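Engineer: Quick one: the structure is below, and I'll ask about it shortly.
The values are calculated or read from the model by the stated rules, or taken from the named source; none is laboratory data. If you're wondering where the values come from, they're calculated on a predicted model, not measured in any experiment. Cβ coordinates were reconstructed from backbone atoms using ideal geometry, including for glycine residues, and neighbour counts include every protein chain displayed.
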Amino acid sequence: MVLVAAATLVTTTATTSSAQAHEAPATAADRVLRVYNNNIENLVRNNADGTCTRISGPDHLTSMLVDDNGRTGTSGVQAPDLLIVQQVRGTGQTTAYADQLSAKFGYPAGTYKAVVAWDDPEPWGSSHKCSQQALGDLKKKQTNAIVYNTRTLSLASGDVSKYWSAGWLKPGTPYNGGAGCTLYKPPNNDSGTTNAHKWKRTSAIAARFTIKETGTTVFAATMHLPEQNGANACAGAGTTGIANSGIHVGADATSLMNASTIRVIGIDANRTNIASSTLGGFGMTGYGAKATSGSRKIDYLFVKGAVQPSSVDHTVSGTKSNHLALYGFITY
């Protein structure tokens, strides 16, 4: 059963000078929605020699969050509004990560909350390419989440979509231009007990938020497509997805998106060469063209909204993950 962790909004009053320094913008010129997308790989990074390194939440956040000039670790880094993340272990890890983000900006625990596709997904796989089994085990549970700032955004209980599945070409099935594709969920999932729950890592989820100051609606979705999408674009039964990208948006999510002014989708697509215009039918543009995973660009951030220019191509080169983060600062 799918469990959605969308905690009830808690309104808090900042008591520290750090928190007071990050009050919600007071003028139209200061109204900026700060959005990031990153596959955080369960906060475990693979090294070239086969070892792995565990990364703390605070270290990862410091390596990813940027100021208006795209620089990390400066006094100009402001509290983000949305973190779209892939490959978290479930509600427990995501809540801890959200609380670490709250602490970073001097806010009480619970200021940042999360929408999680699977509360506690079953483990799958073996070493996850880590020579240390204990670190490999940390990557056995994988799901996707959206972390949001309750100081700036509200979320109604009915504004979280049902999860939707990615597409997949089952091994041994002829591709035939997408005709062989199917939804990646039981019974069309990896066979055997080891990988039986692997499909849960690709469950997508979305939510519609409201900017408290202006009432502007904001749609956000997080997606992680299967590795197989790299060779064969699949988005479901007999389809290659939007513009042959393997991307599709679930029915419930589409309803929330159509009722939103600002739209943001963060994706680890496991596929290269997805054009920035791919989601143009939704009024969205892709930002960032640099490689995000080794020499490949497989991570994407699509936005409908007025995105500020970036001197670093909206890509954070020092991100402490196997994937580089993407960001968009949206004026509203």
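Matching residues to (1) more than 22 Å from His314 (Cβ to Cβ); (2) not hydroxyl-bearing (Ser, Thr, Tyr):
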| site | (1), (2) |
| --- | --- |
| Pro58 | yes, yes |
| Ser63 | no, no |
| Asn69 | no, yes |
| Thr72 | no, no |
| Ser75 | no, no |
| Val85 | no, yes |
| Thr95 | yes, no |
| Leu101 | no, yes |
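Engineer: For segment 216-225, name all the residues that are surrounded by fewer than 23 Cβ atoms within 10 Å (Cβ to Cβ) and in a loop (DSSP other than H, G, I, E, B).
Structural biologist: Once the filter is applied, which keeps residues that are surrounded by fewer than 23 Cβ atoms within 10 Å (Cβ to Cβ) and in a loop (DSSP other than H, G, I, E, B), segment 216-225 yields only Thr216.
Engineer: Check whether at least one residue in segment 47-55 is closer than 29 Å to Tyr287 by Cβ, at pLDDT 95 or above and in contact with a Phe, Trp or Tyr (Cβ under 9 Å, 6 or more places away or on another chain), and report yes or no.
Structural biologist: Among the residues of segment 47-55, not one is closer than 29 Å to Tyr287 by Cβ, at pLDDT 95 or above and in contact with a Phe, Trp or Tyr (Cβ under 9 Å, 6 or more places away or on another chain), which makes the answer no.
Engineer: Step by step: first the residues of segment 245-295, then only those that are at positive phi and touching an Asp or Glu at 6+ places or on another chain (Cβ under 6 Å), then the one that is surrounded by the fewest Cβ atoms within 10 Å (Cβ to Cβ). Which residue is that?
Structural biologist: Of everything passing the filter in segment 245-295, Asn270 is surrounded by the fewest Cβ atoms within 10 Å (Cβ to Cβ).
Engineer: Still on this structure, I have one more. From the list Gly230, Gly280, pick out the single residue that is at pLDDT 95 or above and either among the acidic types (Asp, Glu) or farther than 27 Å from Asp190 by Cβ (or both).
Structural biologist: Answer to the check: Gly280.
Engineer: Residues Thr143, Thr152: which one is closer than 20 Å to Pro80 by Cα and either of a type outside the set (Lys, Arg) or modelled with pLDDT of 95 or more (or both)?
Structural biologist: Answer to the check: Thr152.
Engineer: On the basis of being touching a residue at least 12 places away in the same chain (Cβ under 8 Å) and within 19 Å of Gly70 (Cα to Cα), does Phe282 make the cut?
Structural biologist: So Phe282 fails the test.
Engineer: For segment 180-214, which residues satisfy the criterion of being under 21 Å from Ala253 (Cβ atoms) and small (Gly, Ala, Ser)?
Structural biologist: Within segment 180-214, Ser203, Ala204, Ala206, Ala207 qualify.
Engineer: Residues that are under 23 Å from Lys320 (Cβ atoms), at least 2 per element: which strands (runs of 3 or more DSSP E) completely within segment 228-308 meet that?
Structural biologist: Here the list reads 262-268, 299-304.
Engineer: What number of residues within segment 156-212 satisfy the criterion of being surrounded by 14 or more Cβ atoms within 10 Å (Cβ to Cβ) and assigned to a loop (DSSP other than H, G, I, E, B)?
Structural biologist: The number of residues fulfilling the criteria is 19.
Engineer: Now for a different question. Which one of these is touching a strand residue (DSSP E or B) at 6+ places or on another chain (Cβ under 9 Å) and farther than 20 Å from Arg71 by Cβ: Thr319, Thr315, Thr331, Thr272?
Structural biologist: Of the residues listed, the single one that is touching a strand residue (DSSP E or B) at 6+ places or on another chain (Cβ under 9 Å) and farther than 20 Å from Arg71 by Cβ is Thr272.
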